[in-house]
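Take a look at the structure below.
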Amino acid sequence: MTGPPTTGAKALERLLEGNDRFCRGAPRHEGLDSDRRLELAEGQAPFAVIVSCSDSRVPAEIVFDQGLGDVFLVRVAGNTVSHPVVLGSIEYGVGVLGAVLLMVLGHSRCGAVLAALDQIDRGGAVPGDIQSVIDPVLPAARAVSGGTPDHRLERAVRENVRRQVAHLEGSAPVLAPAIAAGQLLVVGAECDIASGQVTPVGAYDEDRSAGS
């Protein structure tokens, strides 16, 4: 294996190369042997923090074909970052472990986003603490309207990713200074659960469902 990337751009390139292998059905499965486990017993230095949904169909290490110790993964239904425990975990990955890339990874057909849209349209209560998952997604869900249900869901998924990225970019005292110093790149992305392909979600990019 080559050494870890030292810039956010290189880290993103490595993740997308791994995703290409995953989509082609040709993963390398590197960094999963006993030597790597023993090496990591002495400490970790992941090159990326990935905030992804808890959805069982989007395990980031597999989607990006990465090995043990490569990514610091923070998973929460709806891939939202407002909760202090989630934000603190992200800050640890960046401020303590030294990750140079921070990615918010949404995915198609996200159940948390679908639940937020459904609650806006029809209301109703959900059991237990599930509402705490829906609440952070509601602003993104409210921001989209019109189009077919599938297009609306897709736009809401991407809007949710954009809003989480914006929140992280303005987060002090750990993340914003690292971004300003060029030590951290923050990006948004979406994984298509059918193809496995990950595509960027930028602040001003045009939705694939534009015009819907």
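What follows draws every value from the coordinates through simple rules; no lab data is involved. A quick note: this is a predicted structure, and the numbers were derived from the prediction, not measured. Cβ placement follows ideal geometry from the backbone for every residue including glycine, while neighbour counts extend to all protein chains displayed.
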Looking at the range 140-165, which of its residues are without any contact (Cβ under 8 Å) to a residue 60 or more places away in the chain, assigned to a helix (DSSP H, G or I) and either surrounded by 15 or more Cβ atoms within 10 Å (Cβ to Cβ) or touching a Cys at 6+ places or on another chain (Cβ under 8 Å) (or both)? ALA140, ALA141, LEU153, GLU154, ARG155, ALA156, VAL157, ARG158, GLU159, ARG162, ARG163
Given the criteria touching a Lys or Arg at 6+ places or on another chain (Cβ under 8 Å) and in contact (Cβ under 8 Å) with a residue 12 or more places away in the chain, does ARG21 qualify? yes
Given the conditions (1) surrounded by 14 or more Cβ atoms within 10 Å (Cβ to Cβ); (2) more than 15 Å from the chain's Cα centre (by Cα); (3) within 27 Å of ARG163 (Cβ to Cβ), which single one is not true for GLY88? (1)
Among ALA112, ALA116, which is within 15 Å of the chain's Cα centre (by Cα) and either closer than 15 Å to VAL161 by Cβ or surrounded by fewer than 20 Cβ atoms within 10 Å (Cβ to Cβ) (or both)? ALA112
Kindly state which helices (runs of 4 or more DSSP H) lie completely within the range 1-77 and contain at least 1 residues that are surrounded by 14 or more Cβ atoms within 10 Å (Cβ to Cβ) and within 19 Å of the chain's Cα centre (by Cα). 8-24, 60-63
